[in-house]
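Encoded as structure tokens, the structure appears first; notes follow it.
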Amino acid sequence: MRNAQGNMLVMDPNGTKTEHDTITCGHCNGVHVMAPKDAYGVGRYCTLCARHLCPGCAQIEKCTPFEKRLEAIERSTQLMQAMGI
């Protein structure tokens, strides 16, 4: 598939192997299996941050990349440490 970022190999107990393409969501950082209709990123791509999205994050209008969330957490932690909390 086009635009895949990773690959997952699943082996069931009777030895059958199945292979799936995966993406990492740019908003929640979750790894998700790409469905065949996702091959071209239709409806699951954020044009604001230029990252692939999972189905759940694709429904949310607000663009909040995962890195920005981490930076906000770090800033709040540094503020609390500076205040002695």
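Read-outs: derived from the displayed coordinates by stated rules, not from any lab. For clarity, every value in this text was computed on a predicted model and none was experimentally measured. Backbone-built Cβ (ideal geometry, glycine too); neighbour counts: all protein chains shown.
Put a dot 7 Å past the Cα of Gln59, heading toward its Cβ, do the same for Arg75, and the two dots end up 2.9 nm apart. Comparing mean-square fluctuations of Thr24, Thr16, Thr64 from a GNM of the chain with C-alpha springs under 10 Å, the top value falls on Thr16.
Starting from the Cα gyration tensor of the chain, take the square roots of the eigenvalues, sort them a ≥ b ≥ c, and report rounded, prolate or oblate (rounded when a/c is under 1.5, otherwise prolate if a/b is larger than b/c, else oblate). Spell out each step's value before the answer.
Numbers: a/c = 3.87, a/b = 1.81, b/c = 2.14.
It is oblate, given that a/c is not under 1.5 and a/b is not larger than b/c.
Pairing the Cα long axis of helix 66-83 with the longest principal axis of the chain, what angle in degrees results, from 0 to 90 and rounded to the nearest 10? Roughly 30 degrees between the two axes. Each label point was placed 7 Å from the Cα along the Cα-to-Cβ direction; for Glu67 and Cys49 their separation is 1.0 nm. Near the amide H of Arg51, within less than 5 Å, lie the amide hydrogens of Cys46, all on another chain or at least 5 residues away, with H placed in the peptide plane.
When you restrict to C-alpha pairs under 8 Å that are six or more residues apart and normalise by the size of the stretch 6-83, the relative contact order lands at 22 percent. Highest mobility in the GNM of the chain, judged by mean-square fluctuation with C-alpha springs under 10 Å and restricted to Cys46, Cys54, Cys63, is found for Cys63.
Once you have the Cα-Cα distance between Ile85 and Val31, take 0.36 nm times their residue separation minus that, and quote the gain in nm to one decimal.
Numbers: separation 54, 0.36 × 54 = 19.44 nm, distance 3.46 nm.
Result for the pair: 16.0 nm of gain on full extension.
For Gly6, the residues whose amide H sits under 5 Å from its own are Thr22, ignoring neighbours fewer than 5 places away on the same chain, with H placed 1.01 Å from N. Dividing the summed helix terms, -39500 (n - 2.57) for each DSSP H run of n ≥ 4, by the number of residues in the chain produces a 222 nm estimate of -8000 deg cm²/dmol to the nearest 500.
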